[in-house]
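The values are calculated or read from the model by the stated rules, or taken from the named source; none is laboratory data. None of these values were measured; they are calculated from a predicted model. Heads up, the Cβs are rebuilt from the backbone with ideal geometry, glycines too, and the neighbour counts pull from every protein chain shown.
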């Protein structure tokens with residue numbers, strides 16, 4: 001029997017980036033907020049101190065900071081004709097857990113989506129015709145929010161993180177050295193771009209020779225010390241090369257820990273509870289209002305936390321599952337195309353090109369999570385797609401996140417994976433190789449969705465989430481085209497040889513790709529095509545807000561965190577300015 | 001089934017730290033699991049801070065094998081020597097102490113499958129669905145080694161894998177890798193090979209506190225300088241060799257010489 005707790009104004013389900021942002025915003029507005037995090041407390045000095053942070057085995061391969069799937073995982077399959085089986089070990093994506101969650105072990109790649117990315121259906125249909133957006137069983141749609149509406153909130157996140165970079169478009173004027181394709185920024189980046197190491201520099205030169213437009217990757221790895229508007233101080237990055245998949249011991253990577261938590265925890269109207277997992281959202285009898293959440297802690301005790309507002313701020317896969325487990329919204333049915341919860345699950349379409357030199361020492365171990373020179377010439381609709389047979393694109397990054405030797409030894413085409421030949425290739429190429437990352441969009445498609453698994457259950461007896469996903473033909477064509485464009489730059493770097501790692505075959509759960517899962521609680525302009533409105537408010541239960549990349553109707557060719565954060569800030573602004581005065585739907589259906 | 005697997009795992013975790021009061025133990029021990037099994041906490045007012053508390057890595061100790069039987073050790077040493085052979089370019093897996101690393105990994109949380117979901121049912125999956133064995137890694141090694149030696153003695157005219165000539169060992173491992181060779185005892189030979197190769201590389205290239213990468217020789221071979229904290233002065237020195245000596249978490253030999 002659950003113990004009833006004292007009511008609060010808002011309960012946050014999960015305490016990573018969006019939980020910390022919403023906690024800060026709502027507490028500053030005077031609300032009583034409690035955050036429930038199912039993982040442990042984590043802090044820099046205790047959990048990833050510089051004396052032991054650079055541990056590839058423990059953090060990357062033994063998943064020390066990632067979600068432990070031993071008592072709760074999801075099931076996976078490529079299509080509805082297969083039987084979904086459990087993802088028994090993390091691989092393709094590395095789910096976060098604990099305070100800060102993925103915000104602890106992300107790279108710090110801070111992107112804004114293109115203005116046209118928010119108009120995937122209408123823009124592409126207008127330019128390329130109806131079939132361009134409906135072919136290959138695609139189910140893309142417009143977001144119901146525009147870049148211009150989000151810009152002030154992207155700016156808020158940049159200021160929070162101290163994002164290092166160079167603007168390419170300031171208030172409509174193209175700036176030298178930045179990304180000329182980006183949407184207009186109101187302000188320059190808070191800190192200048194990171195100096196680039198040798199590999200990214202060679203990439204930038206080669207790309208410029210080909211007429212592309214290279215620029216430094218916008219990053220939450222600090223190029224210099226920075227104090228954010230909440231008074232949190234970040235130090236300059238030391239390029240240790242243990243950033244993505246690791247916690248930063250140097251307070252140099254923007255994370256909830258380094259930008260918000262010290263400020264938020266001092267507020268008397270905020271409480272954080274760790275090792276507390278929300279089991280379901282409780283509703284009134286007419287199912288139009290949430291009364292709070294029921295959770296269980298690691299001691300096995302169950303509680304009911306009443307709340308005026310429920311903010312789902314866990315990872316996308318958990319948010320969608322909680323909606324399904326709580327019976328909120330109509331589950332999506334791929335056969336009929338009806339229902340919305342779980343609809344339009346999408347991912348990221350990744351490929352890479354390795355470059356090998358004889359005569360250049362690249363020192364790959366000097367790296368940072370978002371240390372890269374990038375071209376955006378072939379992302380979104382930055383190029384003419386007529387005759388190409390696909391929509392979408394990718395950024396191409398000459399990137400060095402580090403030279404961690406278990407994960408990141410590149411060997412030439414045809415090298416065996418073991419034996420003397422492999423060892424010799426590793427010894428010869430480690431210091432002299434480099435990788436271009438092709439970070440592609442993923443268009444939603446009719447057969448890709450999330451629902452509850454009929455067979456497998458978690459430690460609490462709840463059905464696991466079932467993921468049905470494969471890359472569409474649109475995305476394969478996009479990825480092939482983009483990999484060829486990357487190969488052109490790679491060749492222009494004048495290496496000894498290159499190796500293309502194309503995106504081939506069905507989605508495979510084992511090799512790491514990205515932790516950029518999207519959709520399932522998508523946003524839109526009406527309840528028939530979406531779960532939430534543009535303020536991330538549920539159409540069906542207006543005192544529940546669903547944060548995160550679940551709101552993406554399809555995924556753009558960028559890392560999602562910048563957009564996830566901007567959407568959260570926009571939601572918070574609407575809650576503060578409108579919802580608190582008059583609780584109810586922020587958009588009339 | 002699901003809860004039973006996890007109950008066992010939690011008992012192992014708790015057993016390892018001699019818990020009195022669960023809350024007090026987690027707050028005072030320097031090493032904790034960091035993931036599951038910690039007590040619930042309510043945090044208000046400030047960032048919690050405790051002097052000396054650190055989630056420092058679990059270094060291995062001792063010598064000799066604690067998980068592998070003598071027969072298994074013979075297989076592991078033979079296979080490791082083929083996966084990464086020794087020569088003048090750099091150490092082989094055996095010379096880098098990888099078999100010892102593997103033994104300690106399998107004897108610990110990894111071997112118990114602490115980050116694997118092992119609940120049933122266990123139908124055979126597609127290649128894209130990844131690891132689908134009922135075995136945890138330690139069980140998989142045990143079952144696979146027995147199945148391999150049995151296969152070799154039944155089909156290849158040698159008493160065990162270790163007794164095959166080096167080139168026949170390579171041929172066998174390639175067939176295991178490709179999935180062409182089917183082992184008995186319900187063992188997925190391809191899954192085992194993938195795990196063995198991955199774990200061998202881990203032992204070869206991870207920090208020496210885990211028992212492999214002896215003398216950091218594998219890092220020295222490729223030119224990785226180890227657990228350095230700051231390369232700022234070298235970011236813009238393009239094309240130069242960074243002259244830092246190789247270090248691990250426990251430093252390097254020069255630090256501790258008399």
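Among the residues of the range B:105-132, those that are under 14 Å from residue B:196 (Cα atoms) and in contact (Cβ under 8 Å) with a residue 40 or more places away in the chain comprise B:105, B:111, B:131.
Let me confirm something: among A:250, A:179, which residue is closer than 19 Å to residue A:112 by Cβ and surrounded by 18 or more Cβ atoms within 10 Å (Cβ to Cβ)? Talk me through it step by step, then tell me what you get.
Values: A:250 fails: closer than 19 Å to residue A:112 by Cβ.
Just one listed residue meets the conditions, A:179.
Within the range A:407-427, being at the interface with chain B (Cβ under 9 Å from one of its Cβ atoms) and either surrounded by fewer than 15 Cβ atoms within 10 Å (Cβ to Cβ) or not in a loop (DSSP other than H, G, I, E, B) (or both) holds for A:416, A:417, A:420, A:422, A:423, A:424, A:426, A:427. Here is the figure for the range A:76-92: residues that are more than 7 Å from chain B (Cβ to nearest Cβ), touching a strand residue (DSSP E or B) at 6+ places or on another chain (Cβ under 9 Å) and farther than 24 Å from residue B:115 by Cβ total 2. The single condition among (1) assigned to a helix (DSSP H, G or I); (2) buried (at least 18 other Cβ atoms within 10 Å of the Cβ); (3) under 22 Å from the mean Cα position of the chain (by Cα) that residue B:187 does not satisfy is (1). Just one of the numbered conditions (1) in a loop (DSSP other than H, G, I, E, B); (2) modelled with pLDDT of 95 or more; (3) surrounded by fewer than 18 Cβ atoms within 10 Å (Cβ to Cβ); (4) at the interface with another protein chain (Cβ under 9 Å from one of its Cβ atoms) is not true of residue B:42: (1). From the list A:39, A:16, the one residue that fits, being under 30 Å from residue A:408 (Cβ atoms), surrounded by 22 or more Cβ atoms within 10 Å (Cβ to Cβ) and away from chain B (no Cβ under 11 Å), is A:16.
Residues in the range B:126-146: is at least one more than 11 Å from chain A (Cβ to nearest Cβ), modelled with pLDDT of 95 or more, surrounded by 22 or more Cβ atoms within 10 Å (Cβ to Cβ) and under 30 Å from residue A:468 (Cα atoms)? Among the residues of the range B:126-146, at least one is more than 11 Å from chain A (Cβ to nearest Cβ), modelled with pLDDT of 95 or more, surrounded by 22 or more Cβ atoms within 10 Å (Cβ to Cβ) and under 30 Å from residue A:468 (Cα atoms), which makes the answer yes. Only residues that are more than 24 Å from residue B:194 (Cβ to Cβ) and more than 22 Å from the chain's Cα centre (by Cα) were counted across the range A:489-517, and they come to 10. May I ask you to list the residues in the range B:207-234 that are more than 9 Å from chain A (Cβ to nearest Cβ), closer than 18 Å to residue A:423 by Cα and touching a strand residue (DSSP E or B) at 6+ places or on another chain (Cβ under 9 Å)? Of everything in the range B:207-234, those that are more than 9 Å from chain A (Cβ to nearest Cβ), closer than 18 Å to residue A:423 by Cα and touching a strand residue (DSSP E or B) at 6+ places or on another chain (Cβ under 9 Å) turn out to be B:213, B:216, B:217, B:220. Please determine, by comparing only the residues of the range A:347-365 that are within 25 Å of the chain's Cα centre (by Cα) and within 14 Å of another protein chain (Cβ to nearest Cβ), which one is surrounded by the fewest Cβ atoms within 10 Å (Cβ to Cβ). Across the range A:347-365, the extreme among qualifying residues is A:347.
Suppose we keep only residues that are part of a helix (DSSP H, G or I) and surrounded by fewer than 24 Cβ atoms within 10 Å (Cβ to Cβ) within the range B:67-78. Which one would you say is farthest from the other protein chains (Cβ to nearest Cβ)?
Step one: of the range B:67-78, the residues part of a helix (DSSP H, G or I) are B:70-78.
With the extra rule that they be surrounded by fewer than 24 Cβ atoms within 10 Å (Cβ to Cβ), the set shrinks to B:70-75, B:77-78.
On the way: B:70: 25, B:71: 23, B:72: 20, B:73: 20, B:74: 19, B:75: 16, B:77: 15, B:78: 14 Å.
The qualifying residue farthest from the other protein chains (Cβ to nearest Cβ) is B:70.
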